[in-house]
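Have a look at the structure below before the remarks.
The values are calculated or read from the model by the stated rules, or taken from the named source; none is laboratory data. The shown structure was predicted, so the numbers you read here are calculated from the model rather than taken from an experiment. Positions of Cβ are generated from backbone atoms using ideal geometry, with glycine treated the same way; all protein chains shown enter the neighbour counts.
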Amino acid sequence: MRINRIGLKLGAVIIALFIIILTFLGLVIDRVFSSFYHTKMKEDVQDLATHFASMAKSHDTSSEEMMQTYADFSNVSIYLIHLNTGDPISLGRLKIQDAEFLQPSDLAGLRAGHSLFREFAAQDGESYFVSARPVPEEGIAIYVLSSMQSMDESLRRVRSYLLLSGGGAFALALGFTYVVSQILSRPMVQMEQATRRIAKGELETRVEVRSSDEIGNLGAAINDLARDLQHYRDTRQEFFANISHELRTPITYLEGYAKVLTDGLYDSEEEKVQYLTIIYQESLRLSRLIHDLFELSKMEEGKIHLLMEWLDLSELAENSVQKVQLKAREKGLSLHYEKADIPLVYADGLRMEQVVLNILENAIRYTEQGTIRVRLSAQPESVHLIVEDTGRGIPQEELPYIFERFYRVEKSRSREHGGSGLGLAIVKKLMELQGGTVEVASEPGAGTRFVISLPTSGPA
Ligand SMILES: Nc1ncnc2c1ncn2[C@@H]1O[C@H](COP(=O)(O)OP(=O)(O)O)[C@@H](O)[C@H]1O
Ligand SMILES: [Mg+2]
């Protein structure tokens, strides 16, 4: 059997606590009982002595007989002695040699009229309470002896009950500890096994979460970890598949056209220039793709450094619009910028320009005819920059995915347009890093609207 350590430790602690408490409690109860019995018997013996002393005073002849009868029917012995000689007076079956409890020192006190109380251990090993009262009128003193045997027996019985119930409680604690430690450690052992399996790469492994306490939370955290790892592994595989596909396509072009040129398989100088242009454009695209990939991976690892400052988004938007104005005009699109008064925002100027340019380039790329409008709007706690186009739009079911790496709505056609499929992934990541958001709304055939939002509250 596997020794489960946490159960063992917990059990040891509980048992040790139990032993300490039980011992302490046992000692206290024992003390309480023995002092109770002791006091009670002491009082009884003293009361009896007083009672018999007053009986002796009454000169009643029957009183001696009554005392004798009482003595016979109880575990009490009664003795009379002469006050001045200290000699015992025989009372019924009293034998002189029994009177070993008499101590010469008692007499002085009794003669002076003091009562007496002490404990006395007889030679046969029995112990007694001894109480004496002087009766000066009669020239005698009355001794009452009460055996402690019954008290000792009662105490012994109490002690054995205490031991018995202590043992019972201990056994109960043992069982309880076993059950509790099993309840506590079983999920731990399960979690340990599960994490080992996850570490080995079995990422479908899940821990059974049965409670909502710390242990349950730990289990849930392990499940989250496994789920994240699984997601990470899946997206990484997909990512590598995408990358190799993205890289292979331009390289195939490069290889093909380079071969055509080296083999001299062209008819005119014009055709040659055409092939060379394709090679040039493909290599441009390749280098942009690699650049974007590096950027994105740096952002995802949190390795890019942002130069945050208070900046005027309207100026930035105007500049960006000017930069792409030529491209829009070449495509016959009209590009409008609507100036507005807005508060400053706290952001990285260069990165914000990259965001706005990416969105503007998309708008131009995916709009065949019509208008692209760029607006700014001040919100209660943020500034919105809105880019609207009258392009082909994006189907509703594709909207959730367009911010993913390499995601394109029309796979081959978008490629023809020269995008890397990383633009919006970069936009999203940059906005997140600057504490802003990006949202999209679109209607296929009518147009698309991107809204980027930055808080005006500044650094937290
Ligand atoms: N303004 C837009 N109108 C229509 N579709 C768009 C628009 N912007 C982005 N998209 C779609 O989202 C996809 C992802 O965009 P992006 O990440 O910038 O990659 P790409 O390199 O293809 O431009 C694009 O391929 C396109 O299908
Ligand atoms: Mg793009």
Item to complete: Within region 73-105, track down each residue that is touching a Gly at 6+ places or on another chain (Cβ under 8 Å) and either modelled with pLDDT under 75 or closer than 25 Å to Met151 by Cα (or both).
Response: Leu102
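Looking only at strands (runs of 3 or more DSSP E) that fall completely inside region 114-202, which ones have 1 or more residues that are over 30 Å from Ser35 (Cβ atoms)?
127-135, 140-147
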Discussion item. Restricting to region 279-312, give me the number of residues that are of a type in the set (A, V, I, L, M) and farther than 19 Å from Val355 by Cα.
Written reply: 3
Discussion item. For the structure I just gave you, tell me whether Leu8 is closer than 19 Å to Glu126 by Cβ and either at pLDDT 85 or above or assigned to a helix (DSSP H, G or I) (or both).
Written reply: no
Worksheet item: Could you give every pair whose Cβ atoms fall below 8 Å, whose first residue belongs to region 442-454 and is closer than 15 Å to Asn358 by Cβ and β-branched (Val, Ile, Thr), and whose second residue is within 16 Å of ligand 2 (Cβ to nearest atom) and part of a loop (DSSP other than H, G, I, E, B), counting only separations of at least 6 or pairs across chains?
Response: Thr448/Tyr366; Thr448/Gly391; Thr448/Gly393; Thr448/Ile394
Response to the item:
Residue hits (region 164-181; surrounded by 12 or more Cβ atoms within 10 Å (Cβ to Cβ) and out of contact with any Phe, Trp or Tyr (no Cβ under 6 Å at 6 or more places or on another chain)) are Ser165, Gly166, Ala169, Phe170, Leu174, Phe176, Thr177, Tyr178, Val180, Ser181
Worksheet item: For Gly264, are the conditions met, namely being at pLDDT 85 or above, among the small types (Gly, Ala, Ser) and more than 30 Å from Ile15 (Cα to Cα)?
Response: yes
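Looking at the structure I just gave you, is Tyr266 outside the structural domain of Ala16 (by TED's automatic domain parsing), surrounded by 14 or more Cβ atoms within 10 Å (Cβ to Cβ), of a type in the set (Ser, Thr, Tyr) and in contact (Cβ under 8 Å) with a residue 24 or more places away in the chain? I'd like the intermediate steps shown before the answer.
Numbers: outside the structural domain of Ala16 (by TED's automatic domain parsing): yes; surrounded by 14 or more Cβ atoms within 10 Å (Cβ to Cβ): yes; of a type in the set (Ser, Thr, Tyr): yes; in contact (Cβ under 8 Å) with a residue 24 or more places away in the chain: no.
Taking the combined requirement at face value, the residue does not satisfy it.
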